[in-house]
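Inspection log for the structure reproduced underneath, given as structure tokens.
The values are calculated or read from the model by the stated rules, or taken from the named source; none is laboratory data. Just so you know, these numbers come straight off a predicted model, no measurement behind them. Here the Cβ positions follow ideal geometry from the backbone for every residue, glycine too, while neighbour counts run over all protein chains shown. The protein model used for the area step is the full one, side chains on, heavy atoms only, and it has no ligands, DNA or RNA in it. Shrake-Rupley method; radii C 1.70, N 1.55, O 1.52, S 1.80 Å.
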Amino acid sequence: MQFRYNFRVYPEPSQCQALSRAFGCARVVFNDGLRVRQEAHAAGLPYINDGDLQKQVITAAKRTEERVWLSEVSSVVLVQSLRDLHSAYRNFFSSVTGGRKGPKVAPPRFKSKRDRRQSIRLTANGFSLRDNGKLYVAKVGDLRVRWSRPLPAVPTSVTVTRDVAGRYWASFVVDTAPDFLPETDAETGVDLGLSAFAVLSDGQKIASPRFLRRAEKKLKRVQKDLSRKAKGSKNRAKARVRVSREHARVADRRRDWHHKESTRIIRENQAVYVEDLAVSGLARTRLAKSVHDAGWSAFIGMLEYKAAKHGRYFGRIGRFQPTSQVCSACGIKDGPKPLHVREWTCLACGTVHDRDINAARNILAAGRADRLNACGAPVRRASVPAQRREAGSHRKGQTAQAGIPVL
């Protein structure tokens, strides 16, 4: 099982220039490879394999006057950039042929130096960890890392990124074994909402922190200051960084809170069931800002991979289940109810229900029913979720598996 550990990096001014040079070279190689494959496709030629593409846009390009500066950065960075291009094409082809589940994946696009995120990826022969706690990156130097916790094993690859707020991060991919927690008899269903972020089937309500709403006053001030700056000026660039830093603080607070709450729920329950929400559809309604501020998708993703990590069961129920219409006491469907109805009485059994608690109990019941097959035996736990397969160097006797983002 692969886990990703993210740490803040503080490069010196000269190292910042070296990293910017590496970001630009990786971007140019990616764009050159994409352009060559697009031209070959337009000419009716077969798909160019990775080996021939690497010889054309890296090896041969270094001998030309236009691309001689590619030799100033580590070759590992350039090769990994082409591997990212190959992964993008592979995901696109799998999506077109129906082999990839979920939303359709668009073909690779050209990268820009104005993208919000710049990154380079290095395998084991392009970086190393020093005894003094610094991270050595080839042709960059020793970077000072702020270690919040030790790595459980030797990392197989590292991704150095610079976000829109000008912060640098080092993301290590580590092969490690799951950390199973002691089993417990508790199970819970989680109903996500806006008035209360989450309501558990035992009646516990988790209030919504609303980090974006609380920061709107300060964001309005810095954004107004940005709009008053002349376009193309240095003061506008400084104001843009200030706006980006304020948004980054909001995202960091939300992510930290999600991690704490998801860890607590996983530790206290042996099985967790949630509703499969259509977040992309809800984000197009008048509640879009509140939906984005809640961050349901990120929270559900944390519950899913932490359940796999700690030996818990995680289940999703269908989004079309009438959890708010069915009485959790007698099972009678009492019909749809508008959102302003937060409490209702069942006409069949007379039970008074809190709308959210009743929905959480129905999610728990539906999750338990889906978990059991026709023979009554538990269904095998789903595989560990993954956003992508990490291209890295792996220790002998171990194979690469799907990665879990832990940011």
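Values for this structure:
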{"item": "Members of the range 272-312 that are within 24 Å of Met1 (Cα to Cα) and part of a loop (DSSP other than H, G, I, E, B)", "result": "Gly311, Arg312"}
{"item": "The range 313-349, residues that are part of a loop (DSSP other than H, G, I, E, B), among the aliphatic types (A, V, I, L, M) and within 21 Å of Glu187 (Cα to Cα)", "result": "Ala329"}
{"item": "Qualifying positions in the range 244-266 - more than 14 Å from Ala294 (Cα to Cα) and either crowded, with 18+ Cβ neighbours inside 10 Å or of a type in the set (S, T, N, Q) (or both)", "result": "Ser244, Thr263, Ile265, Ile266"}
{"item": "Residues being in contact with a Cys (Cβ under 8 Å, 6 or more places away or on another chain) and either at pLDDT 85 or above or under 17 Å from Asp202 (Cβ atoms) (or both) - total across the range 334-347", "result": "1"}
{"item": "Count of the range 204-243 residues which are touching a residue at least 24 places away in the same chain (Cβ under 8 Å), more than 29 Å from Lys306 (Cβ to Cβ) and open to solvent by less than 70 Å² (accessible area, probe 1.4 Å)", "result": "4"}
{"item": "Residue among Gly126, Gly133 that is of a type in the set (Gly, Ala, Ser), surrounded by fewer than 16 Cβ atoms within 10 Å (Cβ to Cβ) and out of contact with any Asp or Glu (no Cβ under 8 Å at 6 or more places or on another chain)", "result": "Gly133"}
{"item": "Helices (runs of 4 or more DSSP H) within the range 1-100 that include 3 or more residues within 30 Å of Asp252 (Cα to Cα)", "result": "13-42, 75-97"}
{"item": "Lone unmet requirement of (1) among the charged types (D, E, K, R); (2) over 30 Å from Ser244 (Cα atoms); (3) surrounded by 15 or more Cβ atoms within 10 Å (Cβ to Cβ) for Glu66", "result": "(3)"}
{"item": "Some residue of the range 96-110 being out of contact with any Leu (no Cβ under 6 Å at 6 or more places or on another chain) and buried (at least 18 other Cβ atoms within 10 Å of the Cβ)", "result": "no"}
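Residue by residue, here is whether (1) touching a strand residue (DSSP E or B) at 6+ places or on another chain (Cβ under 6 Å); (2) on the phi > 0 side of the Ramachandran plot; (3) open to solvent by 40 Å² or more (accessible area, probe 1.4 Å) holds:
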site	(1), (2), (3)
His292	no, no, yes
Phe299	no, no, no
Tyr305	yes, no, no
Gly311	no, yes, no
Ile332	no, no, yes
